[in-house]
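Step one of this worksheet: look at the structure below.
Quick note: the coordinates plus some simple rules give every number you see, no bench work behind them. Quick caveat, the model's predicted, so the values are computed rather than measured. With ideal geometry, Cβ positions are generated from the backbone for all residues, glycine too; neighbour counts draw on all protein chains shown.
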Amino acid sequence: MKRLIFIALAFVTAVSITNAQDVKPILLYPKGVPNSKPTPADYQETNSKDWAWKVVTPTLLPYIADKSIATGTAVVICPGGGYGGLSMENEGYSIAKAFNKIGVSAFILKYRLPSDLIMVDKTIGPLQDAQTAIQIVRSHAAEWGINPAKVGIIGASAGGHLASTVETHFKQVVVDDKTISVRPDFAILMYPVITFGDLTHQGSKDNLIGKNPSQAMVDLYSNEKQVTADTPPTFIVMAEDDGTVPVENALLFYNAMIKAKVKGEMHIYQAGGHGFGIHNSKSKEEWFSWCKSWMNANGF
Amino acid sequence: MRFLYSTLLLMAMVTLSYAQGTAPAIPLYPNGVINSKPTPATYVEAITADSHVSKVSIPTLIPFFPEKSKANGSAVIICPGGGYSILAIGHEGYAVAQEFNKIGITAFVLKYRLPSDQIMVDKTIGPLQDAQTAIMLVRKNAAEWGINPSKIGILGFSAGGHLAATAETHFNKPAIDNKGVSVRPDFAVLAYPVITFGDEAHKGSRENLVGKTPSQEVVDLYSNEKQVTPDTPPTFLMQATDDGGVPVQNSIMMYEALLKNKVKTEMHLFQAGGHGFGLINPKSRELWFTWCASWLKANGF
């Protein structure tokens, strides 16, 4: 028995090492990045172990689920970071690995952060990258063993703003290819920025639409105002004591979902603060397990 | 007589599926039920095959003590639901008490009076009187029962959730002579609760408690989202979004009020499950009671 466990562990280790090495970034735009300006010499992507900044060439990092457990579901992951950076480890790699364990293929989206230095219109840059990511996953679905009708999106914090934008703005296609649907089939929002109104996360708002946006722009990206009956099923997790993004953001979105009769589930921990990632250390309960059950119940 | 005997036997058999306490039921008012009228001969307590109790005139607490080795000193008073017209005392009472015992918490199922002009002088305060008396009774007997008097919570389902929410927001205006004993619960668990008597109300519960034409003042008084203060105890809310009996906005309104008053709170809204599922939501693989147990522990209960 011990030997079996050892072999199993060795195998698991080997597989995960292989996976880590196997991740070859997919260029979102092999023929040139849309909505871009010539990149200034001092605007260069920087990376630490856990974070990325100043992304110029957006990519998708594929984590394909092992065939033996693959469910055919895929998810595009949008790390957070206030639209000023990307929390790649806490809200990217660790999430992708968790999805792989439940047979869901995951694609971490290393999206451009809004900047007038590298974009013509910075307000649509992240959305372009996310919509393109969904199209890439759908167009490679057969090759990657994915059901193109089971492609979801997940995002944390500002990445949750991006994910909630994707699930509410799919009729506003900001990419050239109009042939492949950019509507995600489900969405998971982790302590998301939702509104650009009174209860916003100011940093995310300023970074995406600037310090003096028009009311029309504020409303456009206040995603609680963009929910319709076609918004896909949505799962929300947050903590009441979030000190960065007011928990009202989750409530605003959920109330809009109820009004539009969008299926969903919402869990608000008492404690956990902001940015807890895959595991809330202030609770013994694992939201990812709730999320998995919710996905299963919805056929994903 | 023989008929009565077989009826009793049948009732006993039916209710066997739920243990009815680990000790005899405790009358809330051994010296006479307060706020009562002489009970009409036709007003007789009854229980159906599916453990629905009706026409309670003598309210009691049915105790469930955990094994001594497991007991952690916390206690909970459980208010079954039933639209303030019956008590679903099985799946929203006894079954829940047994789960609390498993995690070391002493539980008391509250068999409260249902609002009725036939047996009460003022029916609107009857259930609250019973709930507050229950809290007072548990607190007074805490030492004897191995309970920490500052770890006494209340839980309620549906209309019982309205009662629990009332208990956690109306403790500063006791509806009983509380003799100096606090009737503030130390925590509250609200399962698909009726909260508001406003637009999103469960009309049946509202009509049963405050009548068909209540004044705005009474509506507001029992719209518990309007009664939350910073002193409202930590609260756990759980409901299914597709609840067809009580609109899910009831939980959300309560949450928003708790948030505004900086009351520690946790809320879980299932996508599906409907109304009245009790301990186990058949539409989910997840067990809310486990979440509740972790939440209680994190808060020291």
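Full extension of the chain segment joining A:S68 with A:M217 gains 49.0 nm, where the gain is 0.36 nm per residue of separation less the Cα-Cα distance. Taking a point 7 Å from the Cα of A:K282 along the Cα-to-Cβ direction, the residues of segment B:247-285 with backbone N closer than 14 Å to it are B:259, B:262-267.
Peptide A:262-268 has a mean shielding of 6, counted as Cβ atoms of other protein chains within 10 Å of each residue's Cβ. Charged side chains reduced to their Cβ positions (Lys and Arg at +1, Asp and Glu at -1) give the protein assembly as shown a dipole of some 1040 debye around its Cα centre. Springs between alpha-carbon pairs under 10 angstrom, Gaussian network model over chain A: which of A:N280, A:N212, A:N223 fluctuates most? Answer for the Gaussian network model of chain A: A:N212. Cβ under 11 Å from B:I47's Cβ, B:I47 left aside: what net charge do those residues give with Lys, Arg +1 and Asp, Glu -1? For residues surrounding B:I47, the net value is 0. Mean partner shielding of peptide B:241-254, defined as the number of other chain Cβ atoms within 10 Å of each residue Cβ, is 2. Simple spin-label model, 7 Å along Cα-to-Cβ: A:N296 to B:D50 in nm? Reported label-point gap for A:N296 and B:D50 is 2.7 nm. Measuring r between the beta carbons of B:E67 and B:N31 and using R0 = 30 Å, the FRET efficiency lands at 0.35.
Classify chain B as rounded, prolate or oblate, taking a ≥ b ≥ c as the square roots of the eigenvalues of its Cα gyration tensor: rounded when a/c is under 1.5, otherwise prolate if a/b is larger than b/c and oblate if not. Since a/c stays below 1.5, the shape of chain B is classed as rounded. Per-residue ellipticity at 222 nm, computed for the protein assembly as shown from helices alone with -39500 (n - 2.57) per DSSP H run of at least four residues, works out to -9000 deg cm²/dmol.
Here r is the Cβ-Cβ distance between A:T228 and A:D50 and R0 is 51 Å; the resulting FRET efficiency, rounded to 0.05, is 0.90. Take each residue in B:259-272, count the other chain C-beta atoms within 10 Å of its C-beta, and the mean is 6.
Cβ-to-Cβ counts within 10 Å put B:L128, B:L287, A:L252 in ascending order as B:L287, A:L252, B:L128, the fewest first.
Across segment B:224-301, how many lysine pairs, 8 or more apart or on two chains, come within less than 23 Å at their alpha-carbon atoms? Taking the Cα cut-off of 23 Å, the pair count is 5. Based on the alpha-carbon gyration tensor of segment A:130-194 and its eigenvalue square roots a ≥ b ≥ c, which shape applies: rounded if a/c is under 1.5, prolate if not and a/b is larger than b/c, or oblate? Here segment A:130-194 falls in the oblate category. When chain B is treated as a GNM with alpha-carbon contacts under 10 Å, the residue of B:S284, B:S150, B:S85 showing the greatest mean-square fluctuation is B:S284. GNM remark for chain A: springs join alpha carbons under 10 Å apart, and the peak mean-square fluctuation among A:A229, A:A65, A:A158 falls on A:A229. Extents of the protein assembly as shown, taken as max minus min of Cα coordinates on every principal axis and listed largest first, are 92, 65, 41 Å.
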